[in-house]
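For reference, the structure discussed in these notes is given below.
The values are calculated or read from the model by the stated rules, or taken from the named source; none is laboratory data. Model, not experiment: these values are computed from the prediction. Glycine gets a Cβ as well: all are built from the backbone with ideal geometry, and neighbour counts include every protein chain shown. With ligands, DNA and RNA removed, areas are computed over all heavy atoms of the protein, side chains included. Shrake-Rupley method; radii C 1.70, N 1.55, O 1.52, S 1.80 Å.
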Amino acid sequence: HKETRVNEFIQHTINGLALGSIYALIALGYTMVFGVLQLINFAHGDIFMVGSFIGLYFIRFVIPNAEPSIFTAIMVLLAAMVGSAIIGVIIEKFAYRPLRKAPRIHILITAIGVSLFLEYGGQLVFGASPQFFPDILPRKLIDIGGDIILDSNQLTIFVMSFVLMQILSFLVFKTQFGRSMRAISHSLETANLIGINVNRVILITFIIGSALAGAAG
């Protein structure tokens, strides 16, 4: 009985880590925007939703006959990331940038408005009925001892999340862009005075954050 409970705990831990890896990708994009602009981007979760549907419709209509494989998974992942990044660019340029010097409440209301627009626009375009994502990788259940099962999809989530997080860590801490982003997070006005292209850095931040949400989707 004790061994069964331990196995159940390990199984739930594996399941939780797989789901947590997806949440981590969403949270990283969200906190990047908040860290740079001090902006609560309510639309970020909706970008995650749009990224999911971009991946779904990409595999349905662009590569409808593709067999589950690493190549298929990478194509769908890239499509979701690129599509979500484009949505992020549009939101930043047309919704948030014009209000950068406006009172915080104006930006907050705009963020809520963008979120509602994406939600109800998604229902209008994609419908409100549940849709199911097809397998884009060969699926296999891996028995790692006792009653503990590791789904190959979970393993893929672990690997892809780890790779994306390492790439993001490198960008933030090892590149000129990362230094500029951290400078803006301390003081946007000071960063502007020392010659940092604030608009470009903020735009790239939105691109990366939205792309991570699309990857999670």
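Here are the numbers for this structure:
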item: Hits in the stretch 135-174 (condition: in a loop (DSSP other than H, G, I, E, B) and aliphatic (A, V, I, L, M)); result: Ile136, Leu137, Ile144, Ile148
item: Total residues in the stretch 51-92, condition in contact with a Leu (Cβ under 9 Å, 6 or more places away or on another chain), not polar (S, T, N, Q) and not in a helix (DSSP H, G or I); result: 1
item: Out of Leu118, Leu99, sole residue that is at negative phi, surrounded by 13 or more Cβ atoms within 10 Å (Cβ to Cβ) and free of Cβ contacts under 8 Å to residues at least 12 places away in the same chain; result: Leu99
item: Residue that is farthest from Leu78 (Cα to Cα), among those in the stretch 25-57 that are open to solvent by 30 Å² or more (accessible area, probe 1.4 Å), in contact (Cβ under 8 Å) with a residue 40 or more places away in the chain and of a type in the set (A, V, I, L, M); result: Ile40
item: Answer from Asp135, Asp147, Asp151 - the residue that is surrounded by 15 or more Cβ atoms within 10 Å (Cβ to Cβ), among the acidic types (Asp, Glu) and within 30 Å of Asn7 (Cβ to Cβ); result: Asp151
item: Test: residue in the stretch 39-53 that is modelled with pLDDT under 85 and of a type in the set (A, V, I, L, M); result: yes
item: Qualifying residue in the stretch 170-179 (condition: closer than 30 Å to Ile59 by Cα and open to solvent by 80 Å² or more (accessible area, probe 1.4 Å)); result: no
